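One structure below.
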Amino acid sequence: MRKPVKYRIAFLIVAAVCFHVGTLFLPATLPEITFSLKSIWANTQWRNTVLVTLAYFVFLPALYYFWIIQIGKQALWKLLLIISLSSLVARYNYPEQLAYYFEFITYLKYPIIAVLMVIELLLLVTIVKALWGARKLSGDPRIHMLEQYEGDNVYEKGSKEAKKLELALMFAHEPASWYYAIPRFSRNHVPVLTKLRLWSAQWWHVSLVCIALVIATYASYLAIALWSETVAIVVATLVFYLIVMFIANYRVSKHYSVYLIKDKLVVNNSWWGMTVIPLSNIQQIETGSWTAASTQEHFHFGRGNANVKLTFVSEQTYHSGFATFVEQMDTLYLSVDEPSALLEICQPQ
């Protein structure tokens, strides 16, 4: 597992623990005291509240900056995500004397949403036009979006082009999930070159996931129904709707993990990550055996030892997490069933 992924998972665990522990330590109300450092620290309720506040608004943002933004090379503005999340938790968990000060989130969100909606709608019109224009094209809709928006050095052209591509890929995941989940839709898909060795390509994996999804659907309904049955139905429906993507995840992993389209090599690291590599950008392709220990700091798709190594002329873009994470790689290791197929077809001429 690569270092950015490790730290991403570690941060999610730390944040969840911080928020949970914070709710346990925060008092329901705060007593009236003389505001001084000594009196605040001497009072248990105030001391706990100060410590939780430091954890929410100092520790977690700092951790996010170093673990996600710096190590993962993400945009600095994403720091607002964890600050907003901390504010939202504070709004509903802080003592009522302090929760009042976070009421601004309730009111501030409307003008912010309005401005964002205008921006997003302008981009959405462009993206929907592209999706509509690609409706008669065969193959993965995400590939068509990349072809239309990416071009050369899209991330050097400015944030507007990068944002368009990011949104286009996010929206394209919806039709792409149906395209792969229903065999009839993907019956004319280009043939696979070889297959990545993925757990998600196993029938027992998708079976367990579907069972877990049914349980999660029922549990979410029970958890919310006491508060609002309408909201519970909506949430449970959205949770169960994920089954389309998990079936697509199974079929992509099993049938379409590595294939060649036009002059590009497409590698689907299950449903959640993909890269489209122009053959002209492949500097060298090697077959052999590389242990997981030797590739843990590099991009390695597939389980077990890698048997194919791709070296690129220039950095190649990898989209993961519904295109919310964009990372650059100069080397890619693969664990595939038939490495010779890649060696024969993808070897630069």
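The values are calculated or read from the model by the stated rules, or taken from the named source; none is laboratory data. Being a predicted model, the structure only gives us computed values, none of them experimental. FYI the Cβ positions are ideal-geometry reconstructions off the backbone, even for glycines, and counts take in every protein chain you see. Each accessible area value is taken on the protein alone, full model and side chains, heavy atoms only, with ligands, DNA and RNA left out. Shrake-Rupley method; radii C 1.70, N 1.55, O 1.52, S 1.80 Å.
Numbers for the structure displayed
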{"item": "Heavy-atom surface of the stretch 217-265, accessible at 1.4 Å and reported per residue (Å²)", "result": "56"}
{"item": "Shape call, the stretch 237-301: gyration tensor on alpha carbons, a/c limit 1.5", "result": "oblate"}
{"item": "Percent accessible area from carbon and sulfur atoms, the stretch 27-93, protein chains only, probe 1.4 Å", "result": "70"}
{"item": "Förster radius 35 Å - calculated FRET efficiency between residue 47 and residue 216, Cβ distance, rounded to 0.05", "result": "0.40"}
{"item": "Vicinal HN-Hα couplings computed from phi for the stretch 241-251 (Karplus, 6.51 cos²θ - 1.76 cosθ + 1.60; Hz; Gly/Pro x)", "result": "4, 4, 4, 4, 5, 6, 5, 4, 4, 5, 6"}
{"item": "Heavy-atom accessible surface of the stretch 287-349: percent carbon and sulfur, 1.4 Å", "result": "48"}
{"item": "The stretch 225-294 - percent relative contact order, Cα under 8 Å, separation 6 or more", "result": "18"}
{"item": "Protection-proxy order for peptides 309-318, 182-191, each taking the mean of Cβ atoms within 10 Å per residue, highest first", "result": "309-318, 182-191"}
